[in-house]
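Worksheet: one structure, shown below.
The values are calculated or read from the model by the stated rules, or taken from the named source; none is laboratory data. All figures in this text were calculated on a predicted structure; none of them were measured in a lab. Note that each Cβ is placed from the backbone with ideal geometry, even for glycine, and that neighbours are counted across all protein chains shown. These area figures cover heavy atoms from the full protein model, side chains too; ligands, DNA and RNA do not enter into them. Shrake-Rupley method; radii C 1.70, N 1.55, O 1.52, S 1.80 Å.
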Amino acid sequence: MGHGIDPSEFEESNEEPPEDLEARELWEERKLANYDHSLELGKEEIRGYFKDSFKPTHDVISEKHAFFERLAEIDIVYVLGHSMSKVDLPYFRELKKYLRGNEEWVISYYKDSEIIDRKEIVMSLGSRR
């Protein structure tokens, strides 16, 4: 969770107060009435988590280029305990670039409802097995 989600996506935009004095007073009253310290602390914790867990996917792939190059002789790809979610697709695409194209994919799953999704992901990568 959080791996490829840029922490800046969780930053709240600062709403500018109106310039009109009367409208500004109403705006400030509304802000104060809606303020919840516990909620703000919770939001800050979540933003901190995403900031700490963020990994720039493109940079990670570039740094591991030599690893991916060594995978050309792989005949079977085992995916164990992995969600294969959208955030992980760049890694699987990079892996697929170095494979010969006739490899077999063996993918674990937790629920039967995940089987079709996992097959579709592998097919979208260009594999047939």
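From His58, His65, which residue is open to solvent by 70 Å² or more (accessible area, probe 1.4 Å) and touching a helix residue (DSSP H, G or I) at 6+ places or on another chain (Cβ under 8 Å)? Write out each step before concluding.
Values: His65 fails: touching a helix residue (DSSP H, G or I) at 6+ places or on another chain (Cβ under 8 Å).
Within the list His58, His65, the selection yields His58.
Can you tell me which residue within segment 17-51, out of those that are modelled with pLDDT of 85 or more and not in a helix (DSSP H, G or I), is nearest to Met84 (Cα to Cα)?
For segment 17-51, the residue satisfying everything is Asp36.
When only residues in segment 111-129 that are outside any helix (DSSP H, G or I) and farther than 27 Å from Pro56 by Cα count, which is most open to solvent (accessible area, probe 1.4 Å)?
Filtering segment 111-129 for residues that are outside any helix (DSSP H, G or I) and farther than 27 Å from Pro56 by Cα, the one most open to solvent (accessible area, probe 1.4 Å) comes out as Arg128.
Mind listing whichever residues of segment 52-110 are aliphatic (A, V, I, L, M) and in a helix (DSSP H, G or I)?
Val60, Ile61, Ala66, Val87, Leu89, Leu95
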